[in-house]
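K.L.:
Below you will find the structure I want to go over with you.
The values are calculated or read from the model by the stated rules, or taken from the named source; none is laboratory data. Because the structure is predicted, anything quoted here is derived from the model rather than measured. Quick reminder, even Gly has a Cβ in these numbers, built from the backbone with ideal geometry, and neighbours come from all protein chains shown. Heads up: the accessible areas ignore ligands, DNA and RNA and are worked out on the full protein's heavy atoms, side chains in. Shrake-Rupley method; radii C 1.70, N 1.55, O 1.52, S 1.80 Å.
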Amino acid sequence: MAVSREESPFAAALAAVRGPLEFAAADFSKADRVHELEATVAAAAERARGLAIPPEWQRVFAGVAKLFAKPLAAEDRRAAVERALAGTEPLTRPGAAEAALAAPVAELPGVGPKRAESLARRGLGSVLDLLFHLPVRYDDRRRLTTIGELEVGRRATFAGEVRVADWSMPRAFRGRGRRTFQVVLGDDTGTVNLKWFRGAEALHGRLRKGVRLLATGDVRRYRFAKELIHPEVEILAEGAEAARGPAVVPDYAAPEGFPPRTLRRAVATAVARAADLVEGHLPPRLVAERGLPSVPDALRTIHALSPDGPLEDVEALRGHATRAHERLVLEELYLLETGLALRHAARAAEPGIALDVERAGVVSAPDALPFRLTAAQERAWSEIRADLARPHPMNRLLQGDVGSGKTAVAFLAAVAVAANRHQTALMAPTELLAEQHERTLRKLAAAAKPGVRVARLTASMPRTESDGVRAGLAAGEVDLVVGTHALVQQDVAFARLALAIVDEQHRFGVLQRKALSGKTRGGVSPHTLVMTATPIPRTLALTLYGDLDLSVIDELPPGREPVVTDVLRPGEGARVMEWIRATLERGEQVYVVYPLVEESEKLDLRAATEQAERIRAAFPEVGVDLVHGRLSAADRAAAMARFEAGETRLLVSTTVIEVGVDVPRASLMVVDHAERFGLAQLHQLRGRVGRGDAPGTCLLVARSSTEDSEARLRAMLETTDGFRIADADLRIRGPGEFLGTRQHGRLPDLRMADLIRDARLVSVAREAALGTVRRDPGLRRSPALARAVEARWGDRLALVEVG
């Protein structure tokens with residue numbers, strides 16, 4: 001039995017036409033029992049021909065309506081039924097609607113091969129692409145502005161009479177053969193200039209003096225006059241009302257040189273020919289509860305093509321706040337979350353490595369740590385421990401704020417694996433972080449019973465040393481290996497890999513994560529634990545990591561005081577030096593962080609290498625070291641070891657120390673050119689201090705200002721909570737920038753949804769998707785939904801093999 005779903009208007013209409021016909025054809029002796037067969041079929045066919053479907057399909061239904069337009073004799077009725085069934089049969093074939101939606105835009109009238117190619121380069125290659133190409137704004141042409149009221153920097157629609165229309169050649173273009181077509185448009189309140197730098201040849205003959213125009217565009221100032229560049233214009237018939245025509249006009253992002261009116265016409269044609277082919281996949285109960293329109297009606301509303309006119313408030317349309325927008329956003333998110341839920345269920349069914357977590361060494365592992373776990377750490381450890389005991393691979397995301405103790409929890413998982421005579425691999429994004437993890441884990445391993453044999457494998461290690469680590473891994477003599485991308489090389493083999501830990505998840509490519517998980521023998525997937533150093537807002541976690549279980553460490557160790565943060569401006573260098581001197585006099589340590597390694601004239605940044613020498617001169621009595629990404633691994637490790645040991649008291653560094661470095665005596669962080677750093681970077685750097693007995697201070701030295709940089713600095717002053725910082729960062733940068741780039745393989749290519757604007761709908765879609773997969777595992781009773789998920793997200797979900 002198929003799960004209830006919302007058919008497309010076309011599918012419902014086709015069933016209404018063919019149902020009575022099939023009943024009659026099954027036994028023509030029953031045909032007379034079909035109440036008014038001719039009238040029933042004719043009415044259904046007339047309704048079907050009025051749908052937004054391909055014209056050739058409309059003609060099929062028109063033919064059926066004509067066949068049954070009047071009462072038929074028995075023999076004629078039989079022939080008409082057979083003919084109507086044969087004519088509509090191609091429309092019933094699987095994939096017929098999908099094929100029509102996938103038709104190239106070149107098949108639409110008015111879109112030739114060149115324009116179709118231009119649209120395809122923008123990802124608008126099919127009719128379906130045009131249907132879901134949202135307007136970037138709406139022009140409300142019900143509200144006309146007089147020319148005298150035009151405001152610079154605002155978009156407006158206004159009417160006027162052509163006073164002048166002629167070609168001109170600006171001085172900058174003289175000698176290059178480029179001309180500008182210029183129209184002076186006026187009304188009783190003033191005049192405004194309209195200019196076209198290209199494509200005006202067709203307008204030249206039509207825009208003559210005395211012609212009345214309706215114009216729409218962005219008003220700007222040029223010298224002492226107002227002007228519009230490449231406005232949309234419409235010639236008004238003599239005596240016509242200026243506000244005639246569409247009251248609300250959608251405006252779309254168009255390829256370079258593509259006339260906006262042509263794109264709008266192409267979208268309107270796509271809606272008229274195909275909107276009623278689109279199925280809805282949301283559970284009908286959810287649609288009813290939220291009072292949502294059908295998908296075809298939602299498309300008509302969003303493209304301002306509703307037959308009843310612009311019923312929605314224009315501001316709601318502009319703000320994507322209509323029920324129509326909600327329907328399409330939920331549809332998209334529902335398909336994504338259903339795919340993630342299917343992935344999660346499939347992983348949960350895979351064979352894995354069940355570990356005995358009741359062994360004495362595992363149960364007592366937390367007691368062997370040099371500190372007590374927080375309640376949040378204990379909760380996360382309990383969840384991970386339960387996963388490790390199951391005969392299916394764990395796939396869990398562990399996230400928490402800076403200094404919340406994620407590494408300790410991951411180490412306990414490695415202890416459980418080692419106690420079961422298996423191996424753990426921890427993959428870090430940088431060599432510096434791998435080195436820091438190794439130092440931290442060796443300290444923890446020294447106290448563990450049974451002991452955990454720790455090794456490191458990175459690309460810059462001497463060959464003899466790395467060969468020894470590889471041999472140890474293959475022989476099972478290493479319990480926990482920490483490394484970078486070197487861990488996924490073909491010549492790295494594990495004896496019994498059972499747990500893969502990926503730190504700083506979004507910095508890795510999907511294939512690298514998959515390669516690490518493929519290091520087990522016998523094809524059994526290892527347990528996977530993904531750690532992220534910066535908390536991820538719940539909205540992103542549900543869309544990016546919806547196929548993973550989530551553990552959150554939302555508590556800092558006891559006694560940890562919030563780091564005091566201050567922002568300093570140019571001219572306050574003396575205050576910075578006073579802070580540094582006072583910190584050093586208390587016997588504490590200082591980080592000074594700069595954005596680059598070398599001077600950059602373009603960005604006017606102070607290079608760490610030059611500033612280190614100046615700081616050494618200012619504080620000759622203390623050891624000063626310099627750490628940056630271009631040092632060799634050995635030199636970097638030596639510098640960090642000296643700082644950890646207290647041999648050097650002041651460390652000048654680039655952002656290579658932003659994650660994972662743990663020096664308890666460091667209490668002051670100075671970040672120069674703080675305006676150049678991202679919010680997550682600043683929060684990570686702040687988290688490097690105040691990790692011991694002394695309270696921490698973070699000084700952010702801003703040397704210039706932008707709107708975004710000021711927003712980041714305000715967020716740093718307002719909160720030290722990493723989860724609130726993450727929310728602020730997401731608002732400032734948007735999902736794409738928040739994650740880095742799309743190449744990291746996680747950010748879904750959403751056409752309708754905005755993960756910031758539509759955050760509240762993500763949870764709604766997820767709950768609906770989980771309910772669907774619980775009721776119908778594998779979607780065996782929902783083939784249409786399964787096809788839709790595969791068509792929309794199949795490629796991406798196939799790649800998401802590991803957290």
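K.L.:
Accessible area of residue 59, 1.4 Å probe, to the nearest 10 Å²?
P.N.:
We get 150 Å² for residue 59.
K.L.:
Tabulate in residue order the Karplus-calculated ³J(HN,Hα) for segment 79-91, using 6.51 cos²θ - 1.76 cosθ + 1.60 with θ = phi - 60°, rounded to whole Hz; enter x for Gly and Pro.
P.N.:
Running phi through 6.51 cos²θ - 1.76 cosθ + 1.60 with θ = phi - 60° gives 5, 5, 4, 5, 5, 5, 5, 5, x, 8, 4, x, 6 Hz.
K.L.:
On the accessible surface of segment 23-171, probed at 1.4 Å, how many percent belong to carbon and sulfur atoms?
P.N.:
It is 51 percent, rounded to a whole number.
K.L.:
Keeping all protein chains in place, calculate the accessible area per residue for the chain (probe 1.4 angstrom), answer in Å².
P.N.:
Here the per-residue accessible area is 45 Å².
K.L.:
Using only protein heavy atoms and a 1.4 Å probe, report how much of residue 732 is accessible, in Å² to the nearest 10.
P.N.:
Surface open to solvent at residue 732 totals about 40 Å².
K.L.:
Then there is this: Return the label of the correct value of volume of the Cα convex hull per residue in Å³, as calculated from the structure shown, out of [x] 222; [y] 202; [z] 254.
P.N.:
[x]
K.L.:
Another one. To the nearest 10 square angstrom, what accessible area does residue 167 show with a 1.4 Å probe?
P.N.:
Answer for residue 167: close to 60 Å² accessible.
K.L.:
Also, I was wondering about something else. Before rounding to the nearest 500, sum -39500 (n - 2.57) across all DSSP H runs of length at least 4 in the chain and divide by the residue total; then give [θ] at 222 nm in deg cm²/dmol.
P.N.:
Rounded to the nearest 500, the figure is -13000 deg cm²/dmol.
K.L.:
Let me ask another. Whole-Hz ³J(HN,Hα) for each residue in segment 68-76, computed from phi via Karplus 6.51 cos²θ - 1.76 cosθ + 1.60 with θ = phi - 60°, x for glycine and proline: what do you get?
P.N.:
For segment 68-76, the Karplus curve yields 10, 5, 9, x, 10, 5, 4, 5, 5 Hz.
K.L.:
Of all the C-alpha pairs in segment 1-134, what % are more than 22 Å from each other?
P.N.:
48
K.L.:
For residue 627, list long-range residues whose amide hydrogen, built 1.01 Å from N in the peptide plane, is under 5 Å from its own amide hydrogen.
P.N.:
Long-range HN contacts for residue 627: 652, 653, 654.
K.L.:
Find the percent of Cα-Cα distances in segment 256-349 that exceed 15 Å, and round it to a whole number.
P.N.:
So the pairs more than 15 Å apart make up 68 percent of the total in segment 256-349.
K.L.:
Near residue 418, within a Cβ-to-Cβ distance under 10 Å, what is the net charge of the other residues, with Lys and Arg +1 and Asp and Glu -1?
P.N.:
So the surrounding residues net to +1.
K.L.:
Based on Cα coordinates alone, diagonalise the gyration tensor for segment 530-581, multiply each eigenvalue by 5, take square roots, and list the semi-axes in whole Å, largest first.
P.N.:
38, 16, 8
K.L.:
Whole percent per 10 Å bin, from 0 to the bin with the longest distance: what is P(r) over all C-alpha pairs of segment 84-163?
P.N.:
Whole-percent P(r) values from 0 Å outward: 14, 25, 21, 24, 9, 6, 1.
K.L.:
Accessible area of segment 364-512 with a 1.4 Å probe: how many percent of it is carbon plus sulfur?
P.N.:
The C+S portion of the solvent-accessible surface of segment 364-512 is 52 percent.
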